[in-house]
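Taking it in order: structure first as structure tokens, then the write-up.
The values are calculated or read from the model by the stated rules, or taken from the named source; none is laboratory data. In this text, all values refer to a predicted model and were calculated from it rather than measured experimentally. For neighbour counting, all protein chains shown are included, and Cβ atoms are generated from backbone atoms with ideal geometry for every residue, glycine included. Please note that ligands, DNA and RNA were not included when accessible areas were found on the heavy atoms of the full protein model with its side chains. Shrake-Rupley method; radii C 1.70, N 1.55, O 1.52, S 1.80 Å.
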Amino acid sequence: MRRVAITGIGVVSPLGNDLQEFHRSLAEVKGGIRRLPAEVARSSGVQAGATVQWDSAPLLTPGEAANIDRVSQFALGAAAQALAASRLDPATADRTRIGVSWGTGMGGALSVDASYQEVYGKNQWRLRPLTVVMAMNNAAGSNVAVKHGLRGPFANFSTACSSSAMALGEAMRTIQGGRADAMVAGGAEALLAPGTLAAWQALRTLAPADANDAAASCKPFDKRRAGLVLGEGAAAVVLEDEAHARKRGATIHGFLTGYGNSCDAAHMSRPDKDGQIRAMREALHESGLQPADIGYINAHGTATSVGDVVEAEAINTVFGESGVRVSSTKSLHGHLLGGAGALEFAVAMLALEEGLLAPTAFLEQPDPACELNHVAMKSERVPPPKAVMSNSFAFGGSNVVLIAQRN
Amino acid sequence: MPMDMLTRLKQLAAQEFSIDAAKLDPAASLESLGIDSLSFIEFMFKIEEEFGVAVSDEDLKSIKTLSDLERHVGAALAAAGKA
């Protein structure tokens, strides 16, 4: 079986728009959750969000940026960084052997929202011609493919919060199966538009802004947790056949060795412990690892009342007394939904490579119902572990677990 | 003095397609300027908004250069009594 190396990572996130700044924010526990503009909060009821401070230049000209949805701009930013970091130059490689595997929950949600505002808000039925290609769910991944001329296998996954984790897992399968030498895999989300926010608000799962400090609005595993905070951004990873990477002298940051994928098939939004357990065990089994080999788990940990308890129980069932370190960094970067799995994989990779465990910020009063060996409040430096895990558990019952190993 | 239409069209095209306005040859085919059909349809949407006219699908097909565009927009303005 071909081993799948990780040769480049890129991020566009509420914690910074390159990997270095992202790492620094995680290490220094500098959160990216903010109060949303007053008019948005008033109309939608959503008070807090993890927004990206984004300037499309110099990546895109003003003309290009006007015609590419924000979600695709994030995808282009993250993918360009990942490719540059990998030093895999599509111009000198066989582009038919490099593909794209992308994930997003709601694709060009801002373009959809804008078109609905025209039609239903203003009774203006004449929409801009690029509406469809800006809004479609595969636009972000397709823009990445077009920009870099990546003509190999293409896939786009839309399984809510597990979308981009699935994109990484399926990219791994594509390389293992010999259908590509390398894949740009990742995910993106940009849906902080009034209509989408109102829909989320109706679900009653969003946390209000913390009265004292908006950055502290999302408190996974804490007794005071009040729900999730929506975020936006993207992350991309260059995955590569080990032999291909070694032949060109690439720096290998680790290996993606385990991909668990299960469906609860129980409820559309309420998580199910058994499904999560099966996904974690499947990823461990595929990696050939024991629970004690995992040094850090980036939990799904959305800070909902039910979700955190179920995940803690699932982790404790799989890991028993191993005391694996766990954190949910959604407390810092918010919930990127379709982009979450890829971004949190990047957090797990920081633990794998540098032994830097990013914490669950604001976890001052751990909920006894979520008893775990938390990395709480402060980042920690530990000897780099043998392997790390990243959990992504989605609405619709989709559970995806990824495991990366140092060697 | 108001800007003539071709100069304005060149300005808009330069902005939309990131091309130096000074290098935009009005007689050059849009294709040779790197403007594909989808991009052109989006550009036409903005032109119609800018000048407050509508160019028919039939006329759209015959626009191959910026000069063609100038002629059709001028005719549409005249037909609408705006010229």
Exercise for the section: Would you confirm whether any residue within region A:286-297 is buried (at least 20 other Cβ atoms within 10 Å of the Cβ), small (Gly, Ala, Ser) and under 30 Å from A:ARG97 (Cβ atoms)? Expected result: yes
Scanning region B:1-29 for residues that are within 14 Å of chain A (Cβ to nearest Cβ), among the polar types (S, T, N, Q) and open to solvent by less than 70 Å² (accessible area, probe 1.4 Å) gives B:SER18
B:GLU49 fails exactly one of (1) among the acidic types (Asp, Glu); (2) in contact with a helix residue (DSSP H, G or I) (Cβ under 7 Å, 6 or more places away or on another chain); (3) within 14 Å of chain A (Cβ to nearest Cβ), namely (2)
State yes or no: is A:ASP18 more than 19 Å from A:LEU337 (Cα to Cα), under 15 Å from the mean Cα position of the chain (by Cα) and more than 14 Å from chain B (Cβ to nearest Cβ)? yes
If we keep only residues of region A:166-192 that are of a type outside the set (A, V, I, L, M, F, W, C) and open to solvent by less than 10 Å² (accessible area, probe 1.4 Å), then the residue nearest to A:ALA114 (Cα to Cα) is A:GLU189
Within region A:118-141, the residues that are part of a helix (DSSP H, G or I) and touching a residue at least 40 places away in the same chain (Cβ under 8 Å) are A:MET134, A:ALA135, A:ALA139, A:ALA140, A:GLY141
Of the residues in region A:127-165, those that are away from chain B (no Cβ under 14 Å) and either over 20 Å from A:VAL4 (Cβ atoms) or open to solvent by 50 Å² or more (accessible area, probe 1.4 Å) (or both) number 11
Of B:SER32, B:SER67, B:SER37, B:SER62, the only residue that is within 14 Å of chain A (Cβ to nearest Cβ) and among the hydroxyl-bearing types (Ser, Thr, Tyr) is B:SER37
Note on region A:43-56: residues free of Cβ contacts under 8 Å to residues at least 60 places away in the same chain, closer than 19 Å to A:ALA215 by Cα and surrounded by 12 or more Cβ atoms within 10 Å (Cβ to Cβ) are A:TRP54
Picking from A:ALA80, A:ALA93, A:ALA75, the residue that is over 23 Å from the mean Cα position of the chain (by Cα), more than 14 Å from chain B (Cβ to nearest Cβ) and either farther than 27 Å from A:LEU197 by Cα or open to solvent by less than 40 Å² (accessible area, probe 1.4 Å) (or both) would be A:ALA93
Those residues of region A:1-37 which are open to solvent by 10 Å² or more (accessible area, probe 1.4 Å) and of a type in the set (A, V, I, L, M) amount to A:MET1, A:ILE9, A:LEU19, A:ALA27, A:VAL29, A:LEU36
Here the residues within region A:57-72 that are open to solvent by 10 Å² or more (accessible area, probe 1.4 Å) and either outside any loop (DSSP other than H, G, I, E, B) or away from chain B (no Cβ under 14 Å) (or both) are A:PRO62, A:GLU64, A:ALA65, A:ALA66, A:ARG70
Cβ pairs under 6 Å, 6+ apart or interchain, first in region B:29-40 and closer than 15 Å to A:GLU64 by Cβ, second in a helix (DSSP H, G or I), ordered by first then second residue, are B:ILE35/B:PHE17
Picked from region A:97-117 (must be more than 20 Å from A:ALA5 (Cβ to Cβ), in a helix (DSSP H, G or I) and not aromatic (Phe, Trp, Tyr)), the residue most open to solvent (accessible area, probe 1.4 Å) is A:GLN117
